[in-house]
2 protein chains.
Amino acid sequence: MRPTTNDLAREADVSLATVDRVLNDRAGVSAKTQARVNAAIKKLGYTRDVTAANLAKKRQYKLIFVLPDDSSQFQKTLTEEIESASIRASSERSSIQLIKVPPNDPHALVKELRKCQRRRVDGIAIMAPETPQVRDAISELKENNIAVVALVSDQPKSQCDHFIGINNVAAGRTAAKLMGRFVPNKPGKIIVITNSLQSHDSVDRRLGFDETMRERFSHLMVLPTLEGHNDRNRVKQALTNATRNYDNVVGVYSLSSGNRAIMQDLASDKFPAPLVVVAHELTSHTRKALQNESIDAVITQNTGHIVRSAVRVLRAKSDQVEIDSSQERVRIEIVLKENLG
Amino acid sequence: MRPTTNDLAREADVSLATVDRVLNDRAGVSAKTQARVNAAIKKLGYTRDVTAANLAKKRQYKLIFVLPDDSSQFQKTLTEEIESASIRASSERSSIQLIKVPPNDPHALVKELRKCQRRRVDGIAIMAPETPQVRDAISELKENNIAVVALVSDQPKSQCDHFIGINNVAAGRTAAKLMGRFVPNKPGKIIVITNSLQSHDSVDRRLGFDETMRERFSHLMVLPTLEGHNDRNRVKQALTNATRNYDNVVGVYSLSSGNRAIMQDLASDKFPAPLVVVAHELTSHTRKALQNESIDAVITQNTGHIVRSAVRVLRAKSDQVEIDSSQERVRIEIVLKENLG
DNA sequence: ACAATTTTGAGGTACGTACCTCAAGTTTTA
DNA sequence: TAAAACTTGAGGTACGTACCTCAAAATTGT
């Protein structure tokens, strides 16, 4: 059985009140007594029973997810997961709120984060490209003792407590390996398409893709990235141009999830049949495309896991408790029709 | 804020004691009053605060993992995860014990399960091939109100509460898809090797593999399964024979994890270079083999997740609480060198 | 050596639930 | 209709922690 505060009091030969003062660093304990209590904590291996403490405190974890308000399918999936987490949250002493801010508008984001500070939240999960403004806002949050995790897109130079997401360079490499081994083993060209190369994720993926392509599949030529900007017609146009301008296209790599148009165009057999398509993010659309074989492979990260992980990490950081890092690692998943499950 | 028992008492216009009697089905409440309390529960959406209840009860979940005592690398990995879960368990009011029984000895297994019953455990995770004896033992456990989950290997016809593992037919299909697309697109032969076809998993994987191979890659010929029986030399011999007897071998599919010998033989370039190898279960050995490219792809299930999931499900079942099934689904993971992470 | 200050202990209440006892009230049965 | 059986309420203690008050003790400064 775990030691309790009473065990500590007995061991350190002090009263329960003093133990309490030390544990919750309340004033009025001499250095000597503090040391005695800390020694007892160490000796008995005491750890606070967080559930009992939360009961006594009537604690509610106020957690906020801040996402860019774009209309991509990935956002939608993430939103759904956050909403479903929010329902379960109440039975775990947490309240989860989702705030959407205009994409690529650091100012608006910072304003929202300030608002959170005033509302005394316990933790914030931020999905946003890294910019100096955001970095500063995160520092400010940390000064106010608010737990912060970066979601999906890392904030490497910030004070952020944790990053929950995948290494996009490795994801790009994985895509390249699949692409390279799925297309016939002879020269050919690969189309790369994305919403926007402004996003750090896309750039990293392209980087990883090119690296592995160069190292392992030098007989394949990777074409310049086409940017679709979430505009269906633009994507269509770009693809048509690409196939007109380049012969011997053997594969398409979609860096982002929002390329519904691609799947549709590919389905409407505009292309010669054996075209290998690799895309990112498992959504209802890519799922369907895998099923009808208009996509060959999807590289994805489990959004449900990401959201649950964010909640666990934010709670742990807010309690200053250790996290189980193996549980919180997000994997780069490869999904084929066969393991869609 | 969630409603409490006091809210229920007020709503149903009864005393706290009566609410308590209903909630913990203690005797001495008239049907009418019971209905009133139940109505209040429904109206207020009351759910028991499990953490407070556990505090009051000083509850400790006694959980047992029963695994076959074989020496495969997969077992080792699983064992490590159970041990690490066991360390964390104490801070979650749980104690986890690992029991190893002789493999393929239903009698020994049943004996251990009986022992658990006498020790009044809360839940048992069983990894064992499905046999009538085991099925009966599980029924017995369920009669004694012990939560039971099947681990890795399903017990479909048993009274088991839950299965934690993957669909091995689908896993075999996934392996086939990778194999079929990784080898050159022309006729060739595939060697299939396993420890033993006695295990249900291996049979299912082979089944799925053959299905997809037949449907999609009929130019490839899948050879009869070689059984290694955990014997290094036997594996070596079988492989040597196979390569002697069959020309044009283009791939090797390892159904089970315990085929250390394969990787070593493959590494010692006994085979013509471009031989595609697909194996199951990510262990320290297959990990290394991926890294040095002697294996092309590994199909795996996350053992850490499996163990954590088993613990969560056993606790939930023992409390008769809903589980979050999306969190408990084990995915068929594809691991390449690039997404080893 | 005295007052002022700091430190410590004793005791309480609370969180939401579990489980216990005892007495009073209500219904059933003989 | 009285005894027996059942039903209900009131009240208590406990789990491990948080947070409060007040008084006693120990230490400090003058």
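The values are calculated or read from the model by the stated rules, or taken from the named source; none is laboratory data. Note that the structure is a prediction, hence the values are computed from the model and not measured. Using ideal geometry, Cβ is built from the backbone for each residue, glycine included, and neighbour counts are taken over all protein chains shown.
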- Note on the structure: Per the filter on region B:169-199, residues farther than 17 Å from residue B:224 by Cα and aliphatic (A, V, I, L, M) are B:169, B:170, B:171, B:178, B:183
- Query: Do we find that residue A:169 is within 14 Å of chain B (Cβ to nearest Cβ) and without any contact (Cβ under 8 Å) to a residue 60 or more places away in the chain in this structure?
  - Reply: yes
- Task: For residues that are modelled with pLDDT under 85 and surrounded by fewer than 19 Cβ atoms within 10 Å (Cβ to Cβ), scanning just region B:208-232, find the one that is farthest from residue B:130 (Cα to Cα).
- Result: B:232
- All but one of (1) within 14 Å of chain A (Cβ to nearest Cβ); (2) crowded, with 21+ Cβ neighbours inside 10 Å hold for residue B:235; which doesn't? (1)
- Message: Just to confirm my filter: which helices (runs of 4 or more DSSP H) fall fully inside region B:1-70 and include at least 3 residues that are buried (at least 16 other Cβ atoms within 10 Å of the Cβ) and either away from every other protein chain (no Cβ under 14 Å) or away from DNA strand D (no atom under 13 Å from the Cβ) (or both)?
- Response: B:5-12, B:16-23, B:31-44
- Query: Taking residue A:98, is it closer than 30 Å to residue B:55 by Cβ, away from DNA strand D (no atom under 16 Å from the Cβ) and hydrophobic (A, V, I, L, M, F, W, C)?
  - Reply: no
- Query: Do we have any residue at all in region B:184-196 that's part of a loop (DSSP other than H, G, I, E, B) and either modelled with pLDDT of 95 or more or touching a strand residue (DSSP E or B) at 6+ places or on another chain (Cβ under 6 Å) (or both)?
  - Reply: yes
- Message: Take residue B:205 and tell me if it is modelled with pLDDT of 95 or more, within 25 Å of the chain's Cα centre (by Cα) and either of a type in the set (S, T, N, Q) or farther than 30 Å from residue B:317 by Cα (or both).
- Response: no
- Just a yes or no: is a residue in region B:206-226 of a type in the set (D, E, K, R), within 27 Å of residue A:217 (Cα to Cα) and outside the structural domain of residue B:153 (by TED's automatic domain parsing)? yes
- Filter result for residue B:70 (farther than 30 Å from residue B:254 by Cβ and out of contact with any Gly (no Cβ under 6 Å at 6 or more places or on another chain)): no
- Note on the structure: Conditions (1) within 12 Å of DNA strand C (Cβ to nearest atom); (2) at negative phi -> residue B:28 fails only (2)
- Residue match in region A:94-106 (condition: more than 14 Å from every other protein chain (Cβ to nearest Cβ), part of a loop (DSSP other than H, G, I, E, B) and buried (at least 17 other Cβ atoms within 10 Å of the Cβ)): yes
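If a residue must be among the hydrophobic types (A, V, I, L, M, F, W, C) and more than 22 Å from residue A:98 (Cβ to Cβ), how many such residues does region A:139-197 contain?
Within region A:139-197, residues that are among the hydrophobic types (A, V, I, L, M, F, W, C) and more than 22 Å from residue A:98 (Cβ to Cβ) number 14.
Of these, A:159, A:155, which one is more than 14 Å from chain B (Cβ to nearest Cβ) and out of contact with any helix residue (DSSP H, G or I) (no Cβ under 6 Å at 6 or more places or on another chain)?
Step by step, each of A:159, A:155 is checked, and only A:155 is more than 14 Å from chain B (Cβ to nearest Cβ) and out of contact with any helix residue (DSSP H, G or I) (no Cβ under 6 Å at 6 or more places or on another chain).
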- Positions within region A:71-93 being aliphatic (A, V, I, L, M) and surrounded by 17 or more Cβ atoms within 10 Å (Cβ to Cβ), in sequence order: A:78, A:82, A:85, A:89
